[in-house]
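The values are calculated or read from the model by the stated rules, or taken from the named source; none is laboratory data. Only a predicted model underlies this, so the values are computations on that prediction, with no experimental measurement involved. Here the Cβ positions follow ideal geometry from the backbone for every residue, glycine too, while neighbour counts run over all protein chains shown. These accessible areas exclude ligands, DNA and RNA; they are computed on the full protein's heavy atoms, side chains included. Shrake-Rupley method; radii C 1.70, N 1.55, O 1.52, S 1.80 Å.
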Amino acid sequence: MKKYTIHRDVPPVKTAIDYSRELNEEQRSVVLSEDGPILVIAGAGSGKTRVVTYRVARLLERGVPPSGILLLTFTNKAAREMLHRVEHLVKMDTRYIWGGTFHHIGNLVLRQHAGRVGYRKNFTILDNEDAKDVVELAVKESRIDTKNRMFPKGGVLKELFSYAANTMQTVGEAIRDRNPFFYDLVDEITTIHTLYTRKKRETNAMDFDDLLTYWHTILSEDPELRKLYAMTFSHILVDEYQDTNRIQSEIIDFMGLINRNVMVVGDDAQSIYSFRGANFQNILDFPKKYEEAKIFKLETNYRSTPEILDLANNSISYNINQYEKNLHAVRQNGVVPVIAPSRDVLQEAEFVAQRILELSDEGIPLDRISVLYRAHYHSMEVQMELTRRGIPFEIRSGLRFFEQAHIKDVVSFLRVVSNPNDEISWKRMFCIFPRIGKKTADNIYAYLKEQGDPFAPLISKSIGEKFKSVRKENLDVWAELFAELKDLQNEEAPGDMISAVLKHGYIEYLKFTYPNYEARLEDLGQLINFSTKYNSVDSFLGELSLMSGLAGEEVITAGEFDEERVVLSTIHQAKGLEWRVVFIIWCAEGRFPNPKAIEEGAIEEERRLFYVASTRAMDELYLCYPILAFDRQAGHTIMRPSRFLAELKGSLYEEWSISEY
């Protein structure tokens, strides 16, 4: 024990912080609070970061040594900015404060104690791409036959292992929760996980999840070490506590075991990451674990107008499992939020684009405007309309719709049917199938292009005589699929052609290739609906090429907007950000809330998503939905407004008729 230095006493810092001037009453109560566990429920735009920063400054001012403070944030940038601000406030070197993400602090701890978990102190940290490569090496080493049947790709397995680590589950339990369609492979996947763990130890490498897992291990298994760290840190501050997972919560409890000066700051109304393993119960259960905890609420909002906050407050009030709070605005009254029903999704996109142009004319920069949505595919029509009108935009939720790999995969089948000389599409298409690599794809294409009818060897299966390594299952799929695609081409049915590709193996390919296969399948469903507007395969493909080309050129009307760009983002990606004007599109039942969330009883998290989206808006908020939606199978259906709109008091919004748009 003597070889560890806990910390030395530091005299109180003489500062000139005027807390009554710098902080409002709610914030000041937190910052000046006496020791003991503290839960701060910090509403959107209420100055949460300011409170954490000033609390650290106050602790230093009281004489708490920097080495006795642990500040846990969700980005290292946030910690750096907070500590830089603290340094400015107290004129003191803050380098000895332990500040950063859980993973950053875990790395510091394990550099001292790696030997306790079978590692050397100079271990390497694998980034996500490197970790995926090691998983794939483990798959290869396992000798499991992954060529003659579908098997999860390395990226899918890595995400599964990560989810298991963060929720402290076995691989089998994680498969049951996350990927039940892999359950017949549970033994093989568990074997791969064992090999993956062994290979990391053999190469003295850890992935990001190991930094938490092994930090937790050494604290849980060594009472003396646990006591040491609990004595070392007299004060622990945790930002964004609502987003912590089970393992992070238990680490905090270990570190705060003795002094119990644990201050957690978060907003239960903004807990939206359960799909990543975040545990909403952590923030609800904090007072149960720390019965002497003082609870503070920050309800003064500096971001939004009273009208926007009234709508957000009304919406979130329908959640039962929450800390009740009522945000009130510092700002003066503004415009009432707008509910804008449109005839269909095309008119919705036209309305958004036209209103953006009007707002720009009124002097609002494009980069202060955002379009938010529940799922990435909801943005397709808006992307197209903005592109047509030359309105520049950037997408924070991934690639532009038509540039995504799964869209290009499926379209490649239609392209080869339409243009049998399309070498790139042929090779892309073949590489989707099991045991077809780049070299084999090159050879198959070289053979087919010499044939009078390149589809005949596929439909007749005679290509199997030329390429004996091709699996019988592939030959069977190609025969059925290309016969069907040729017939559908004659019927000019691009939507049916896409459905045929999905039916003949592509859905399975998605499941085994991408962790977010469900979202990608939703994208393809939207592509099918979009295709029904075209009466020929060629016109459909021509439109896709045009949209992809324009998007790739980053269209900007000459000199008009400079570098300003409207932001398109999923709500999850938008958390923590703000814009003067926010459009939330597809606010229709069956789209938002997400149908799967309704089935799984997760409606309160969906409502929290709506709350997060609404509170991103500073000045103006537009809630849009189409009255008619088209589904290729169901035809035209009448859409009801989202329950999150139907729940709102009528006095909180205006409803616009947008027929003029």
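For region 167-284, the average shadow cast by the Cα convex hull is 8.7 nm², which is a quarter of the hull's surface. Put a dot 7 Å past the Cα of Lys533, heading toward its Cβ, do the same for Glu221, and the two dots end up 5.9 nm apart.
Treating each Cα of region 241-342 as an identical point scatterer and summing with the Debye formula, the log10 of I(q)/I(0) at q = 0.15, 0.18, 0.21, 0.22 Å⁻¹ comes to -0.75, -0.95, -1.13, -1.18.
On a full-extension model of 0.36 nm per residue, what is the gain between Arg435 and Lys596, subtracting their alpha-carbon distance, rounded to one decimal in nm? Don't jump to the answer; show the numbers that get you there.
Values: separation 161, 0.36 × 161 = 57.96 nm, distance 3.36 nm.
Using 0.36 nm per residue and subtracting the Cα-Cα distance, I get 54.6 nm.
What accessible area per residue comes out for the chain, rounded to a whole number of Å², with a 1.4 Å probe?
Working: 28380 Å² over 661 residues.
Per-residue accessible area for the chain comes out at 43 Å².
Summary of packing: across the peptides 614-622, 451-459, the per-residue average of other C-beta atoms within 10 Å ranks them, highest first, as 614-622, 451-459. Spacing of the modelled spin labels on Glu465 and Glu202, each 7 Å from Cα toward Cβ, amounts to 4.6 nm.
Rounded to the nearest 5, what % of DSSP beta bridges with both residues in the chain are antiparallel?
For the chain, the DSSP antiparallel bridge percentage is about 10.
Return an integer: the convex hull volume of the alpha-carbon atoms of region 417-541, in Å³ per residue.
Details: hull volume 12.9 nm³, N = 125.
Dividing the Cα hull volume of region 417-541 by its residue count gives 103 Å³.
Just to confirm the number: angle between the C-alpha axis of helix 438-448 and the first principal axis of the chain, 0 to 90 degrees, nearest 10? The two axes meet at around 20 degrees. Using only the alpha-carbon atoms, how far is helix 48-61 inclined from the longest principal axis of the chain? Give it as 0 to 90 degrees, nearest 10. It works out to around 30 degrees.
Full-extension gain between Met168 and Ile603, please, as 0.36 nm times their residue separation minus the C-alpha to C-alpha distance.
On the way: separation 435, 0.36 × 435 = 156.60 nm, distance 2.46 nm.
154.1 nm is the gain from fully extending Met168 to Ile603.
If R0 is 56 Å, the Cβ-Cβ spacing of Asp187 and Tyr96 corresponds to a FRET efficiency of close to 0.70.
For every helix of n ≥ 4 consecutive DSSP H residues, a contribution of -39,500 (n - 2.57) applies; sum these over the chain, divide by its total residues, and give [θ] at 222 nm rounded to the nearest 500 deg cm²/dmol.
-14500 deg cm²/dmol
What area, in nm² and to one decimal, does the C-alpha convex hull of the chain cast on average over all directions?
On the way: hull surface 129.9 nm².
The Cα convex hull of the chain, projected and averaged over all directions, gives 32.5 nm².
List the relative contact order of the chain as a percent without decimals, with contacts defined as Cα pairs under 8 Å and 6+ residues apart. After rounding, I find 18 percent. As a calculated quantity, the FRET efficiency between Leu137 and Lys649 at R0 = 45 Å, using C-beta atoms, amounts to about 0.20.
With just the Cα atoms defining each centre, how far is region 271-335 from region 592-661? Give it in Å. Region 271-335 and region 592-661 have Cα centres separated by 21 Å.
Principal-axis analysis of the Cα atoms of the chain puts helix 186-202 at an angle of about 60° to the longest axis. In terms of the mean number of neighbouring beta-carbon atoms within 10 Å, the peptides 431-440, 37-46, 586-595 order highest first as 37-46, 586-595, 431-440.
In this simple spin-label approximation, Thr637 and Glu22 carry label points 7 Å from Cα along the Cα→Cβ vector, and these lie 5.5 nm apart.
Calculated FRET efficiency, Ala456 and Glu423, Cβ-Cβ r, R0 22 Å, to nearest 0.05? Intermediate values should be presented prior to the final figure.
On the way: r = 18 Å, r/R0 = 0.84.
In this case the efficiency is close to 0.75.
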